[in-house]
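Before any comments, here is the structure.
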Amino acid sequence: MASSSAAASSSTLPPSVFNPRRHVGVHAERVSDVSSTDYPGHYPGEDHSWNLAKFKEDFKIEVKRLSQRSVEFDLVGVDASMANAFRRILIAEIPTLAIEHVYVSNNTSVIHDEVLAHRIGLVPLNVPPSLIKYRSPNGVPTDQDTIVFKLELTCEVDKNAPKEKGAPRKLIHEEVLSGDLLWIPQGEQQSVFTGALPIPAPTNKNIVLAKLRPGQEIDMDLHAIKGLGKDHAKWSPVATASYRLHPLIILNPSKPVPPHLAHKFAKCFSPGVVQVSKDGEISIDERNLRKESMSREVLRHKEFEGCVELKRVRDWFIFTVESEGPYAPQDLFPESIRVMREKIANIRRAAEALLADADAPAGPGPDGDVEMGGV
């Protein structure tokens, strides 16, 4: 098949990308070599014990695209278990605020109280979680752990609107929007949310919560508290957090694609990935290579058998993260690292406590039996 060394010599990608040990094989009906091999004992005579200097040499994070609500970055040089740990933390363990308690004084809309409360709870808020404490399970709400909103609307006919024959009546508050949530400062909150900090409100003020007809009204008090996505999705700071392995297409120089089939070959891949010259020569545009969907369409055609190898780079993760809360998209991954560090610190303290207990002398248990030190 294709020569990795030949491909590497003419490539703008790092030569290490063409190391077969880093490749996951993509075949017509299966994938191969999905497990990591860089651990002690796998390759005879090679020491692959973890080394910080070697890790720093191979590790890389690079932002590829950044917008107001999303970021795409490459995470290179880590095992899939680490990449997946960060993905799970992004979804479930970075704190945010969401409306948890809804006190209904009046609701004459067609939407039941429970359904409307659920819809309101899913509205993302712009409140920085670092300013708010967690509320204890049975604690009394305070200005340090609760943000209060008021939702009070009545649908009415707009009597000042010009009347046009055959035109529908114009209504006031026909739609209940997330922007209708009014922040009610509690305690010292007025002095906290001043200056550079935005006033507590939904991040998107155009989310439709309900629709009203004349005479219908809604009157609610809403309490937002701090929580985690693992308890309920409304506390998740992201709309999506996903990754995929970087695609790699290796052409076989010993069996080139026939010129009269070049355009058919190019159509087997995502647009822009395969370039065709005037002479019908095939080349891979490595700037667009990350856009390849790996549909395996090329493997369906017998005329292209042996012309190309489809691979993915096992430790090159393309992350896509969309923010739907108070965090800027570029701040989410550093937050996941902070959470990971806290987890590691907790494990270390627990291990040190176990070792300390293990050193304690054994003594008789409550029933006279001898108990071992530690748990």
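No lab work stands behind these numbers, since they all come straight from the coordinates. Just so it is clear, the model here is predicted, and its values are computed rather than measured. Positions of Cβ are generated from backbone atoms using ideal geometry, with glycine treated the same way; all protein chains shown enter the neighbour counts.
Okay, here's what the table says:
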{"read-out": "Radius 14 Å from Cβ of residue 132, net charge of other residues (Lys, Arg +1; Asp, Glu -1)", "value": "-1"}
{"read-out": "For the stretch 322-333, Karplus couplings with θ = phi - 60° (6.51, -1.76, 1.60), whole Hz, Gly/Pro x", "value": "10, 8, 9, x, x, 8, 5, x, 6, 8, 5, 5"}
{"read-out": "Binned Cα-Cα distance frequencies in the chain - 10 Å width, integer %", "value": "4, 16, 19, 17, 16, 15, 9, 3, 1, 0"}
{"read-out": "Residue-by-residue Karplus 3J(HN,Hα) for the stretch 276-282, coefficients 6.51, -1.76, 1.60, Hz, glycine and proline x", "value": "10, 7, 5, 8, x, 7, 9"}
{"read-out": "Cα gyration tensor category, rounded, prolate or oblate, for the stretch 302-357 with a/c compared to 1.5", "value": "oblate"}
{"read-out": "222 nm mean residue ellipticity, helices alone, for the chain (DSSP H n ≥ 4; -39,500 (n - 2.57); rounded to 500)", "value": "-6000 deg cm²/dmol"}
{"read-out": "Unsatisfied cross-links (Cα-Cα over 22 Å) in the set 60/230; 234/291; 150/234", "value": "60/230; 234/291"}
{"read-out": "Full-extension gain in nm, residue 283 to residue 58, via 0.36 nm per residue minus C-alpha separation", "value": "78.3 nm"}
{"read-out": "Top of 195, 25, 77 by mean-square fluctuation, Gaussian network on the chain, Cα under 10 Å", "value": "195"}
{"read-out": "Within the stretch 217-272: Cβ-based charge dipole about Cα centre, in debye rounded to nearest 20 (Lys, Arg +1; Asp, Glu -1)", "value": "760"}
{"read-out": "For the stretch 64-160: span of alpha carbons on each principal axis (Å, largest first)", "value": "63, 41, 24"}
{"read-out": "Likely footprinting exposure, 251, 52, fewest C-beta neighbours within 10 Å first", "value": "52, 251"}
{"read-out": "Distant-in-sequence amide H partners of residue 175 (H built 1.01 Å from N, under 5 Å)", "value": "212"}
{"read-out": "Nonlocal amide H pairs with residue 23, under 5 Å, H built at 1.01 Å", "value": "314"}
{"read-out": "Derived scalar couplings ³J(HN,Hα) [the stretch 79-88; Karplus, 6.51 cos²θ - 1.76 cosθ + 1.60; whole Hz; x for Gly, Pro]", "value": "6, 4, 5, 6, 4, 5, 4, 5, 4, 5"}
{"read-out": "Under 5 Å, built H, 5+ apart or other chain: amide partners of residue 270", "value": "293, 294"}
{"read-out": "Label-zone membership for the stretch 209-253, site residue 152, 7 angstrom Cα→C-beta point, backbone N under 11 Å", "value": "219-221"}
{"read-out": "Förster radius 41 Å - calculated FRET efficiency between residue 188 and residue 118, Cβ distance, rounded to 0.05", "value": "0.85"}
{"read-out": "Cα gyration tensor, the stretch 202-300 - rounded (a/c under 1.5), prolate or oblate", "value": "prolate"}
{"read-out": "P(r) histogram, all alpha-carbon pairs of the stretch 96-236 included - 5 Å bins from 0, percent", "value": "2, 9, 18, 21, 17, 13, 9, 6, 3, 2, 1, 0"}
{"read-out": "Links that overshoot a 18 Å alpha carbon limit, given the list 264/311; 133/226; 54/343", "value": "264/311; 54/343"}
{"read-out": "Pair residue 305, residue 170: separation of 7 Å Cα→Cβ label points (nm)", "value": "7.2"}
{"read-out": "Burial ordering of 180, 331, 359, fewest other beta-carbon atoms within 10 Å first", "value": "359, 331, 180"}
{"read-out": "Stokes-Einstein diffusion coefficient of the stretch 149-228, Kirkwood radius over Cα pairs, 4 °C, 1.567 mPa s, in µm²/s", "value": "86"}
